[in-house]
Amino acid sequence: MVIEETYLKGCFVITPKVFEDERGYFFESFNQKTFEAETGLKVNFVQDNQSKSSKGVLRGLHFQIGEHAQAKLVQVIKGKVLDVCVDIRKESPTFGKQFSLILDEVDRKQLYIPRGFAHGFVVLENDTIFSYKCDNFYNKAFEAGIIFNDEDLKIDWGFSKKTLLISEKDLSLPSFKDLNF
């Protein structure tokens, strides 16, 4: 597997080595020893989540605050998404900067998103299955987010707002400049 750090410190793109033959394919989707050796980070995933969505569904931008912050390892099992993360670590030199990439079932890339980042994705194909590991348990009392179309972040989701399917909860998230944590 190839692990490359993005321009956002602590955020890594992971490309697995895939073995394919007439039976199908096999790849190691995570190896803690390799991950820690390549990144210098210690990680202990405690929760796995999965969602299935249709084209045009936008989920995010979400994060957990305080001691409930979560690092995530995200991937697409089936389909395709545009995955986006935003550095919300106030002391970071890349505070307010974003990173995005296409995750799909073809190249099977993954994105490791450290604690202190907001995360979201828009689904590019019907029946997409998205999976992610978290290093901390979800706690509803500490969930937070940023509105997807924040004027300061200027994220290009590739869809007009009219064609996106977004939950009421996500539509009522605050702007980046109004974050208070």
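The values are calculated or read from the model by the stated rules, or taken from the named source; none is laboratory data. On a predicted model such as this, the values are computed, not experimentally measured, just so you know. For neighbour counting, all protein chains shown are included, and Cβ atoms are generated from backbone atoms with ideal geometry for every residue, glycine included.
For the stretch 38-52, give me each residue that is small (Gly, Ala, Ser) and under 15 Å from the mean Cα position of the chain (by Cα).
Passing the criteria: only Ser51.
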Criterion (touching a His at 6+ places or on another chain (Cβ under 8 Å) and either touching a residue at least 24 places away in the same chain (Cβ under 8 Å) or of a type in the set (S, T, N, Q) (or both)) met by exactly one of Asn149, Asn136, Asn180, Asn126: Asn136
If you take the residues of the stretch 16-45 that are surrounded by 11 or more Cβ atoms within 10 Å (Cβ to Cβ) and touching an Asp or Glu at 6+ places or on another chain (Cβ under 7 Å), which of them is modelled with the highest pLDDT? Phe45
Tyr112: passes all of (1) without any contact (Cβ under 8 Å) to a residue 60 or more places away in the chain; (2) touching a helix residue (DSSP H, G or I) at 6+ places or on another chain (Cβ under 9 Å); (3) surrounded by 21 or more Cβ atoms within 10 Å (Cβ to Cβ) but (1)
For the stretch 95-136, list the strands (runs of 3 or more DSSP E) that sit wholly inside it and hold at least 2 residues that are among the β-branched types (Val, Ile, Thr) and over 11 Å from the mean Cα position of the chain (by Cα); which are they? 128-134
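Report yes if some residue within the stretch 141-156 is in contact with a Lys or Arg (Cβ under 7 Å, 6 or more places away or on another chain), in a strand (DSSP E or B), closer than 23 Å to Lys9 by Cβ and not small (Gly, Ala, Ser); otherwise report no. Before you say what the answer is, go through the steps one by one.
Residues of the stretch 141-156 that are in contact with a Lys or Arg (Cβ under 7 Å, 6 or more places away or on another chain), as a first pass: 149, 152.
Remaining after also requiring in a strand (DSSP E or B): none.
No, the stretch 141-156 has no match at all.
Can you find a residue in the stretch 55-65 that is out of contact with any Gly (no Cβ under 8 Å at 6 or more places or on another chain) and part of a strand (DSSP E or B)?
Yes, the stretch 55-65 contains a residue that is out of contact with any Gly (no Cβ under 8 Å at 6 or more places or on another chain) and part of a strand (DSSP E or B).
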Please specify each residue of the stretch 1-42 satisfying the condition of being under 17 Å from Leu103 (Cβ atoms), in contact (Cβ under 8 Å) with a residue 40 or more places away in the chain and among the hydroxyl-bearing types (Ser, Thr, Tyr). Thr6, Thr15, Ser29
